[in-house]
Amino acid sequence: MHKKDLYKLQNDVIQAVYNDTGKVPDVKITILPNGRKRKIPDFVYIFQNVEFLLVQILAPSSCKVLMYLRAVTEYYNRIDKDISEVATWCNLSEVSVKRSFKELRKYNIVQQTKNNMDNRRNIYYINPQSSWKGVIDKAKELYPHFNLTSMQNSNQLELALKHQVQNEHKEIQSNSESQQ
């Protein structure tokens with residue numbers, strides 16, 4: 001479609017709104033011909049309440065690894081990186097990265113599966129109730145991998161993490177009372 005045809009179509013839409021309402025619409029109308037999509041910069045949805053809880057319970061190296069994973073996540077929370085690559089980018093030892101992955105799995109933030117193409121590698125997925133990259137309706141497809149049912153009433157990950165934080169606070173409190 002030529003530029004002059006787009007302007008004509010745009011003016012026709014404005015005229016149709018004017019004919020229906022009697023007012024010139026105070027909007028900007030952009031028409032994109034089929035096949036051309038507007039490039040949207042990459043972004044990831046992050047659930048703030050979950051982040052607040054993670055900061056309280058995760059080791060600093062685990063937070064760093066999680067931030068890296070979010071930075072490189074592909075659509076639908078898929079990460080195809082090996083331990084050595086994560087270690088290099090995070091400036092951590094491979095042992096620290098393995099320990100971080102273990103902690104992230106413990107809190108149900110990350111799950112891993114074997115790579116079908118190369119059994120020596122893993123594919124990681126971030127819990128969709130922690131963060132999400134992609135069409136939000138597709139997040140439900142990952143729920144079974146994280147033992148989640150839905151997010152209609154509440155974020156199940158958030159509830160589990162709140163419980164964990166409360167238990168840790170109680171443990172700290174009882175330890176301090178026993179030392180007195």
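Quick notes
- Test: residue in region 112-128 that is out of contact with any Ser or Thr (no Cβ under 6 Å at 6 or more places or on another chain), at pLDDT below 95 and under 18 Å from residue 162 (Cα atoms): yes
- Selection of region 98-117 for residues being farther than 15 Å from residue 145 by Cα, in contact with a helix residue (DSSP H, G or I) (Cβ under 8 Å, 6 or more places away or on another chain) and not basic (Lys, Arg) yields 100, 101, 103.
- Residue match in region 136-154 (condition: surrounded by fewer than 18 Cβ atoms within 10 Å (Cβ to Cβ), without any contact (Cβ under 8 Å) to a residue 12 or more places away in the chain and hydrophobic (A, V, I, L, M, F, W, C)): no
- All told, residue 92 falls short of being more than 18 Å from residue 51 (Cβ to Cβ), in contact (Cβ under 8 Å) with a residue 60 or more places away in the chain and not acidic (Asp, Glu).
The values are calculated or read from the model by the stated rules, or taken from the named source; none is laboratory data. For clarity, every value in this text was computed on a predicted model and none was experimentally measured. Here Cβ is always computed from backbone atoms with ideal geometry, including for glycine, and neighbour counts include all displayed protein chains.
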